[in-house]
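Below is one structure, written out as structure tokens; comments come after it.
The values are calculated or read from the model by the stated rules, or taken from the named source; none is laboratory data. Keep in mind the model is a prediction, meaning the values are calculated, not measured. All Cβ positions, glycine included, derive from the backbone under ideal geometry; neighbour counts span all protein chains shown.
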Amino acid sequence: MPVADEVFRLQSKKAPDCLLFQRFCEEGHYGGRTVPTNTRQGIYAVTSGGKFLASCNTRRAREVQRMLERALTKWKQLQESPDAELSDADAKSLSRVHRYEDRYPEDGLVLQVVSRDLPGALELGWWHKTAWNLDYAWFKKHEAEALVPEKPEIGARREVPKRLAERLVRFHLVDNVRGQTPAFEAADVKTARMSTKLASIDGDLWKLEIEGTTATNHEGGPWARGVETKLVGRATWNAKRKSFVAFELLARGKRWGRTRYNSRGGDVTKKEPIGFALVLAPRDAGCRVAPAAIWRYRW
Amino acid sequence: MIRVMTTTRPVAALALCLCAASLAAQTTPETQSELDTWLAYVLPKPDELAWRKIPWRYELGTALVEAKQQNKPVLLWAMNGHPLGCT
């Protein structure tokens with residue numbers, strides 16, 4: 001049963017799933033470790049009851065394969081063990097765990113946000129040329145509606161509400177290409193302008209054009225940074241169902257500076273090219289992960 | 001997390017370099033007509049999405065319950081930042 005989950009929450013919080021993780025992870029590859037960090041990142045194999053089978057932390061397929069083989073050998077040995085299986089009591093407590101994913105906007109708009117360096121960016125490591133990252137941007141139903149011109153007239157325009165444009169700029173147009181990076185603060189936003197225009201109508205389908213400009217600048221100290229982009233995109237709105245059926249937005253521009261984990265170096269004052277693609281996310285289970293900065297949405 | 005192409009494909013890498021060089025020489029895309037080119041550059045290629053072929057659940061707790069129902073062990077991929085999102 002393959003599952004992916006966020007390790008900082010699992011190793012530090014007190015919810016039932018976290019406590020279960022904290023028990024078995026200490027039998028794994030980083031058990032007891034605090035230097036250089038206390039992370040418990042990795043790949044773990046466990047029984048449904050949380051009995052440790054094997055673990056590793058690697059990108060090498062052969063090592064993962066060997067770990068899986070060890071895990072399956074131990075799994076067969078533990079099949080008859082009474083506490084290998086999840087107890088009914090534990091299953092019940094796990095079903096009451098609340099996650100940000102519970103707030104997934106079923107009737108709203110969910111975008112995949114992909115970030116990638118554009119040609120000309122400085123490369124310091126072998127993996128930099130092909131690095132990219134993925135996040136999700138959520139909009140509730142009424143927020144999605146606020147992106148659409150109100151009148152069914154060709155040429156009608158709508159300025160995206162400042163609150164939504166700023167949320168996009170602060171939490172999603174961030175330089176996370178090579179690793180996690182914090183969101184911008186409200187004071188860092190210099191420009192967050194985005195508008196849509198009704199380009200054509202085909203039955204219930206409204207074709208929209210999107211444009212805008214964004215700029216953030218966090219000043220001072222070694223963590224000074226910023227992003228400037230121009231927005232250009234298109235979307236299709238189903239006016240009868242009041243939902244987007246297509247959405248493609250490009251934010252292209254420059255970034256500078258660095259944060260602790262985003263693997264930037266060299267001349268951090270130099271502006272280098274970056275691109276973000278925001279497209280409609282599939283509705284499958286793998287795309288229901290909450291945005292990285294969901295707690296800052298204040299939903 | 002560092003998302004990189006996990007397959008070594010010299011031909012694909014060369015094609016990417018040539019595409020990048022070509023794009024770098026073009027003027028800044030301000031129009032809808034150039035949108036497709038830049039979206040294709042930024043969005044992940046099929047090789048970069050191989051990990052999504054696995055039917056990952058996204059919460060450990062519900063995966064453990066499902067594993068109990070199906071009498072299966074659990075394989076957990078745990079990272080700083082959710083592995084299916086921003087890492």
Seminar exercise, completed: From the option list B:Val4, B:Val11, single residue qualifying as modelled with pLDDT under 55 and surrounded by fewer than 14 Cβ atoms within 10 Å (Cβ to Cβ) is B:Val11
For this session: State yes or no: is A:Lys207 within 23 Å of B:Leu39 (Cα to Cα), basic (Lys, Arg), in contact (Cβ under 8 Å) with a residue 24 or more places away in the chain and touching a strand residue (DSSP E or B) at 6+ places or on another chain (Cβ under 7 Å)?
Result: yes
Seminar exercise, completed: Checked the range A:257-298 for anything on the phi > 0 side of the Ramachandran plot and either surrounded by fewer than 18 Cβ atoms within 10 Å (Cβ to Cβ) or within 12 Å of chain B (Cβ to nearest Cβ) (or both); matches are A:Ser263, A:Gly266, A:Arg298
Problem set entry | Test for A:Asn57: is it surrounded by fewer than 21 Cβ atoms within 10 Å (Cβ to Cβ) and in contact with a strand residue (DSSP E or B) (Cβ under 9 Å, 6 or more places away or on another chain) | yes
Problem set entry | Condition check for A:Ala131: more than 25 Å from the chain's Cα centre (by Cα) and at the interface with chain B (Cβ under 7 Å from one of its Cβ atoms) | no
For this session: Would you point out which residue out of B:Trp56, B:Trp77 is at pLDDT 95 or above, more than 15 Å from the chain's Cα centre (by Cα) and surrounded by 12 or more Cβ atoms within 10 Å (Cβ to Cβ)?
Result: B:Trp77
Exercise. In this structure, is A:Glu153 in a loop (DSSP other than H, G, I, E, B), surrounded by fewer than 20 Cβ atoms within 10 Å (Cβ to Cβ) and either free of Cβ contacts under 8 Å to residues at least 24 places away in the same chain or in the same structural domain as A:Pro282 (by TED's automatic domain parsing) (or both)?
Worked result: yes
Exercise. Has the range A:80-90 got any residue that is surrounded by 15 or more Cβ atoms within 10 Å (Cβ to Cβ) and touching a residue at least 60 places away in the same chain (Cβ under 8 Å)?
Worked result: yes
For this session: Output yes when any residue across the range A:146-164 is under 21 Å from A:Ile274 (Cα atoms) and in contact with a helix residue (DSSP H, G or I) (Cβ under 7 Å, 6 or more places away or on another chain), and no when none is.
Result: no
For this session: Return the only residue of A:Glu101, A:Glu143, A:Glu150 being among the acidic types (Asp, Glu), out of contact with any strand residue (DSSP E or B) (no Cβ under 6 Å at 6 or more places or on another chain) and at the interface with another protein chain (Cβ under 9 Å from one of its Cβ atoms).
Result: A:Glu101
Exercise. Has the range A:44-59 got any residue that is hydroxyl-bearing (Ser, Thr, Tyr), out of contact with any Leu (no Cβ under 7 Å at 6 or more places or on another chain) and more than 11 Å from chain B (Cβ to nearest Cβ)?
Worked result: yes
Seminar exercise, completed: Over the range A:104-124, the set of residues of a type outside the set (D, E, K, R), more than 9 Å from chain B (Cβ to nearest Cβ) and surrounded by fewer than 16 Cβ atoms within 10 Å (Cβ to Cβ) is A:Pro105, A:Leu122, A:Leu124
Problem set entry | Number of positions in the range A:167-208 that are among the charged types (D, E, K, R) and surrounded by fewer than 19 Cβ atoms within 10 Å (Cβ to Cβ) | 8
Problem set entry | Single match in A:Gln180, A:Gln112 (criterion: under 17 Å from the mean Cα position of the chain (by Cα), more than 16 Å from A:Trp237 (Cβ to Cβ) and modelled with pLDDT under 95) | A:Gln180
Seminar exercise, completed: The residue that is surrounded by the fewest Cβ atoms within 10 Å (Cβ to Cβ), considering only those in the range A:236-248 that are of a type in the set (A, V, I, L, M, F, W, C) and touching a residue at least 60 places away in the same chain (Cβ under 8 Å), is A:Ala239
